[in-house]
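Novice: Please read through the structure below; I'll follow up with questions.
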Amino acid sequence: MNTRARFAELLNPEDVLDSLWRVLTAPHTTMLLLIIIAALVCVATLIPQRPAEAVSDPSANSLWLASVRESYGTAADWFIGLRLVDARRSVLLRGLTGLLTLNLLLGLVDLIDPRHLLPPSRPPEGQTLTASTLLAETPQQFFDRVKEALRAHRYRLLAGSSGSWLYADRFILFVALAYIGLLLTIGGLALSERTAWWEEDVTLRPGQVRPVGHGTGLALRAEVSEGNDGLGSGNRDDEPTELIFLREDLKVGQTTLRDHAPASFAGLWFYPTSTEPVLLVQAQDSEGRNLALQTPQTGAARFTQVELRFREDDSPRYLVVLDLRFGRQLGRRFEQKPNEQYVIVPIRDLSLRLVYNPPSPAEAAPAFQVEAFRGSETSPFYQHLFTSKELVEIAGDRYTFEPERYAVIRFGRDPGLAIIFIGAILTLGGMSLSAGQRLRRLWVVAHFAEGEAHLHFTSGTAGDRTPRWLGDLVQSVATTLALDVQSTQSR
């Protein structure tokens with residue numbers, strides 16, 4: 001039976017509200033909504049989504065759109081034209097999620113209290129087995145014995161008011177667990193969207209103290225494990241990072257971040273992103289006075305110490321940097337190589353080019369190469385290679401180069417995570433149990449005439465074949481009540 005036919009059989013021409021209830025609570029409706037929502041979530045995951053700041057700020061929106069076109073070329077026009085860049089906050093996704101929530105709520109009500117499945121409603125289309133016997137007692141006594149026989153098979157019963165209708169089901173709890181799990185997951189996602197906050201790409205050098213903010217009153221300090229070889233060798237993303245938590249300069253806790261293993265403290269979650277090599281650069285003249293330094297990333301701002309971040313790989317890439325936080329300047333920068341950085345000494349009309357060289361398998365530590373250029377010259381007048389902290393003299397000034405390894409983390413608070421986790425566990429558990437023991441629904445109608453009792457057992461399973469469990473159940477009940485199974489018919 002195709003999907004269209006399954007939906008058609010849910011319609012009750014005599015009761016529009018009953019038809020609407022049946023359609024909204026149908027498992028096929030649930031699956032259809034889940035498939036459409038999953039498709040929209042995939043779109044929102046694979047295609048860059050417009051940040052909320054860009055929606056409310058025309059200049060930020062223009063810059064963000066330009067960055068998307070630079071990254072995706074002509075495909076970006078399709079993304080923007082079809083509004084796929086707004087799929088995450090689209091009315092369609094929110095509307096479908098709300099409809100799925102209603103579907104799950106009504107379905108859960110249907111599972112817990114299926115009174116609408118009794119008269120004057122009609123049972124669904126399914127296979128029917130009929131059994132008969134001579135009536136040697138009152139109809140009510142006979143029907144009570146039918147109930148006891150079904151209870152002996154651990155069926156939950158709900159009797160109709162007329163005394164001749166009976167609804168029974170089994171393994172209803174497994175399906176209810178999946179419904180409750182999905183509802184909790186949706187609720188957790190909604191709570192996360194409204195209350196969660198995250199700080200991304202946070203870098204911490206060993207010993208650096210950084211306020212957590214967001215009203216927590218906490219500060220954190222990172223200590224990156226460096227082993228016995230200083231800065232280390234190769235990819236060090238698997239090295240643990242110790243996070244020390246401070247409040248009013250006093251240590252209040254500690255946790256360890258390991259590769260792919262988040263940690264929590266005071267309701268906050270901390271995720272290790274990577275560790276990366278960083279070079280601290282300072283300059284002093286011959287009299288010990290600090291020289292102001294600049295980098296292309298910081299623009300005209302001048303510092304007495306600059307931190308140059310490098311990456312382990314050396315593949316060229318184009319980076320579009322958008323800092324959309326309030327009060328921050330929007331901008332873009334081009335980095336030709338991630339293992340190459342520049343320092344400018346304006347007062348000396350001097351520039352330094354620093355290159356990070358990852359260690360080979362035979363080397364114990366990475367190496368840095370510094371090249372000094374005057375003015376607009378393209379050939380360096382000074383070159384030097386070093387592997388550890390070093391003080392060198394360039395054009396009469398002293399430059400200190402100190403290699404470090406920074407921890408790169410993301411952290412934040414998401415009250416919905418625990419709810420989502422519980423919901424996911426319940427959903428998977430309910431679906432697994434339901435796969436092993438599928439929901440069984442049964443309608444029993446009794447007819448009494450001319451001293452005989454006729455019982456009609458109708459399953460809630462559509463199809464051309466009688467479910468095996470129905471045949472076994474009816475045969476067991478017939479044996480208990482001395483019934484004669486007379487026929488099988490499809491309703």
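Novice: Of the residues that make up the stretch 263-273, is at least one out of contact with any Ser or Thr (no Cβ under 9 Å at 6 or more places or on another chain), touching a residue at least 40 places away in the same chain (Cβ under 8 Å) and within 20 Å of GLU402 (Cα to Cα)?
Specialist: Scanning the stretch 263-273, I find no residue that is out of contact with any Ser or Thr (no Cβ under 9 Å at 6 or more places or on another chain), touching a residue at least 40 places away in the same chain (Cβ under 8 Å) and within 20 Å of GLU402 (Cα to Cα), so the answer is no.
Novice: Residues that are in contact (Cβ under 8 Å) with a residue 40 or more places away in the chain and of a type in the set (D, E, K, R): which strands (runs of 3 or more DSSP E) entirely in the stretch 140-216 hold 2 or more of them? Don't jump to the end; show me each part of the working.
Specialist: Details: elements: 156-159, 165-170, 197-204, 209-211.
Where strands (runs of 3 or more DSSP E) fall fully within the stretch 140-216 and carry at least 2 residues being in contact (Cβ under 8 Å) with a residue 40 or more places away in the chain and of a type in the set (D, E, K, R), they are 165-170, 197-204.
Novice: Where residues in the stretch 193-218 are polar (S, T, N, Q) and surrounded by fewer than 17 Cβ atoms within 10 Å (Cβ to Cβ), which of them is modelled with the lowest pLDDT?
Specialist: Looking only at the stretch 193-218, we keep the residues that are polar (S, T, N, Q), and these are 195, 203, 208, 216.
If we keep only those that are surrounded by fewer than 17 Cβ atoms within 10 Å (Cβ to Cβ) as well, we get 195, 208, 216.
Values: THR195: 90, GLN208: 82, THR216: 89.
Residue satisfying both the conditions and the ranking: GLN208.
Novice: Right, ALA26: in contact with a Gly (Cβ under 9 Å, 6 or more places away or on another chain) and among the hydrophobic types (A, V, I, L, M, F, W, C) or not?
Specialist: Details: in contact with a Gly (Cβ under 9 Å, 6 or more places away or on another chain): yes; among the hydrophobic types (A, V, I, L, M, F, W, C): yes.
Answer is yes for this residue.
Novice: Hey, another quick one. Any residue in the stretch 68-87 that's aliphatic (A, V, I, L, M): show its pairings with residues that are exposed (fewer than 12 other Cβ atoms within 10 Å of the Cβ) at Cβ separation under 8 Å, as long as the two are six or more apart or on different chains.
Specialist: Listed pairs, sorted by first residue: LEU84/TRP78.
Novice: Quick test for you: out of LEU330, LEU268, pick the one residue that is modelled with pLDDT of 90 or more and either in contact with a helix residue (DSSP H, G or I) (Cβ under 7 Å, 6 or more places away or on another chain) or assigned by TED's automatic domain parsing to the domain that holds GLY217 (or both). So that I can check it myself, show each step before the final result.
Specialist: On the way: LEU330 fails: modelled with pLDDT of 90 or more.
Every option except LEU268 fails the conditions.
Novice: Criterion first (surrounded by fewer than 19 Cβ atoms within 10 Å (Cβ to Cβ) and either under 21 Å from LEU473 (Cα atoms) or not assigned by TED's automatic domain parsing to the domain that holds ALA446 (or both)) does ARG170 satisfy it? Step through it out loud before you land on a result.
Specialist: Values: surrounded by fewer than 19 Cβ atoms within 10 Å (Cβ to Cβ): no; either under 21 Å from LEU473 (Cα atoms) or not assigned by TED's automatic domain parsing to the domain that holds ALA446 (or both): yes.
Considered against the rule, which asks whether it is surrounded by fewer than 19 Cβ atoms within 10 Å (Cβ to Cβ) and either under 21 Å from LEU473 (Cα atoms) or not assigned by TED's automatic domain parsing to the domain that holds ALA446 (or both), ARG170 comes out as no.
Novice: Looking at the stretch 242-293, which of the residues that are assigned to a strand (DSSP E or B) and charged (D, E, K, R) is surrounded by the most Cβ atoms within 10 Å (Cβ to Cβ)?
Specialist: Of the stretch 242-293, the ones assigned to a strand (DSSP E or B) are 242-247, 250-258, 261, 263-265, 268-284, 290, 293.
Subsequent filtering for residues that are charged (D, E, K, R) retains 242, 247, 251, 258, 276.
Numbers: GLU242: 15, ARG247: 14, LYS251: 10, ARG258: 12, GLU276: 19.
Applying the filter and picking the extreme gives GLU276.
Novice: Further, regarding this structure: Any idea which of VAL224, VAL281, VAL252 is at pLDDT below 90 and among the aliphatic types (A, V, I, L, M)?
Specialist: Numbers: VAL281 fails: at pLDDT below 90; VAL252 fails: at pLDDT below 90.
From the options VAL224, VAL281, VAL252, the qualifying one is VAL224.
Novice: Can you list the strands (runs of 3 or more DSSP E) lying wholly within the stretch 381-491 that have 2 or more residues being buried (at least 18 other Cβ atoms within 10 Å of the Cβ)? Before you say what the answer is, go through the steps one by one.
Specialist: On the way: elements: 382-386, 390-394, 397-413, 440-449, 452-459, 484-490.
Where strands (runs of 3 or more DSSP E) fall fully within the stretch 381-491 and carry at least 2 residues being buried (at least 18 other Cβ atoms within 10 Å of the Cβ), they are 397-413, 440-449, 452-459.
Novice: Still on this model: Looking only at the stretch 87-99, count how many residues are of a type outside the set (D, E, K, R), surrounded by 15 or more Cβ atoms within 10 Å (Cβ to Cβ) and under 17 Å from VAL43 (Cβ atoms). Show your work before the answer.
Specialist: Pass one, the stretch 87-99, residues of a type outside the set (D, E, K, R): 87, 90-93, 95-99.
Retained after the next criterion (residues that are surrounded by 15 or more Cβ atoms within 10 Å (Cβ to Cβ)): 87, 90, 93, 96-97, 99.
This time we only want the ones that are under 17 Å from VAL43 (Cβ atoms), so: 87, 90, 93, 96-97.
Matching residues across the stretch 87-99 total 5.
Novice: Can you say whether ASP77 is touching a helix residue (DSSP H, G or I) at 6+ places or on another chain (Cβ under 9 Å), loosely packed, with under 15 Cβ neighbours inside 10 Å, of a type outside the set (A, V, I, L, M) and assigned to a helix (DSSP H, G or I), as far as the supplied structure shows? Talk me through it step by step, then tell me what you get.
Specialist: On the way: touching a helix residue (DSSP H, G or I) at 6+ places or on another chain (Cβ under 9 Å): yes; loosely packed, with under 15 Cβ neighbours inside 10 Å: yes; of a type outside the set (A, V, I, L, M): yes; assigned to a helix (DSSP H, G or I): yes.
When the stated conditions are applied, ASP77 passes them.
Novice: From the list ALA44, ALA52, which residue is under 20 Å from the mean Cα position of the chain (by Cα) and either among the acidic types (Asp, Glu) or at pLDDT 80 or above (or both)? Please lay out each step first, then the result.
Specialist: Details: ALA52 fails: either among the acidic types (Asp, Glu) or at pLDDT 80 or above (or both).
Every option except ALA44 fails the conditions.
Novice: Could you list, in sequence order, the residues of the stretch 294-308 that are loosely packed, with under 14 Cβ neighbours inside 10 Å and not small (Gly, Ala, Ser)?
Specialist: Matches in the stretch 294-308: PRO296, THR298, THR304, GLN305.
The values are calculated or read from the model by the stated rules, or taken from the named source; none is laboratory data. Values in this document were obtained by computation on a predicted structure and should not be read as measured data. Ideal geometry is used to build each Cβ from the backbone, glycine not excepted, and the neighbour counts take in all protein chains shown.
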